Amino acid sequence: MATLRNMVLAAGLVALAFPALVAAAPGHDHSHAPPNGGQLKQIGAYEAELVVKGSEMTLHLVDEQERKVDAAKFSASAVVLAKGNEQRTVDLTPSGDNRLSGKIDFPVEGKIRATVTLKTPAGEAGKGRYSLDASR
């Protein structure tokens with residue numbers, strides 16, 4: 001029991017001593033502000049910002065150097081928690097530049113909670129879990 005507690009304490013001290021390592025780990029939130037007012041997540045080799053305005057859901061893609069990625073060959077799906085805790089899927093398709101977008105055609109309560117699966121021509125790039133306020 002004491003050994004487990006010591007391991008947990010040591011892990012916490014490492015996290016405090018090296019915050020840059022923890023912040024840079026995949027799947028963590030990013031330290032810079034989202035350029036489009038959404039929420040940023042790392043999905044595979046891409047930084048993906050999810051934005052919801054009205055019934056429009058948009059995923060903006062940039063690479064590791066924060067350069068826009070041409071989204072023409074990408075696709076994505078977002079499993080969204082709808083009203084009544086029902087899961088609904090929004091298909092996101094290329095919509096110009098570095099964007100994939102789709103319509104939310106069902107009611108959502110409170111925050112938008114979504115798990116986005118990003119697909120490249122080579123297959124699945126990864127998943128990102130989002131929880132954001134939407135301007136609906």
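Taken together, the values in this text are just the output of simple stated rules run on the coordinates, not laboratory data. What you see is a predicted model, and the numbers here were worked out from it, not measured in a lab. Reconstructed Cβ throughout: ideal geometry from the backbone, glycine too, with neighbour counts over all protein chains shown.
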The ³J(HN,Hα) series, computed from each phi in region 89-101 with the Karplus coefficients 6.51, -1.76 and 1.60 at θ = phi - 60°, rounded to the nearest Hz and given as x for glycine or proline, is 10, 10, 7, 10, 10, x, 9, x, 6, 10, 10, 10, 9
Region 105-120 scanned against label point 7 Å out from Ala45 along Cα→C-beta; backbone N under 11 Å for none
One would report the antiparallel percent of DSSP beta bridges in region 46-136, rounded to the nearest 5, as 95
Phi-derived 3J(HN,Hα) across region 105-113 with the Karplus relation (6.51, -1.76, 1.60, θ = phi - 60°), rounded Hz, x for Gly and Pro, is 10, 8, x, 10, 9, x, 5, 8, 10
Cross-link reach from Lys111 to lysines, straight Cα distance under 26 Å and at least 8 residues apart if same chain, gives Lys41, Lys53, Lys83, Lys103, Lys119, Lys127
So, with points 7 Å from each Cα along the Cβ direction, the Gln65-Thr120 label distance in nm works out to 1.6
Given backbone amide H placed at 1.01 Å from N, residues whose amide H is under 5 Å from that of Ala125, ignoring those fewer than 5 places away on the same chain, are Leu118, Lys119, Thr120
For region 58-74, in residue order, the Karplus 3J(HN,Hα) values (coefficients 6.51, -1.76, 1.60; θ = phi - 60°; whole Hz; Gly and Pro = x) are 10, 10, 9, 10, 9, 8, 5, 9, 6, 8, 4, 9, 4, 8, 4, 9, 9
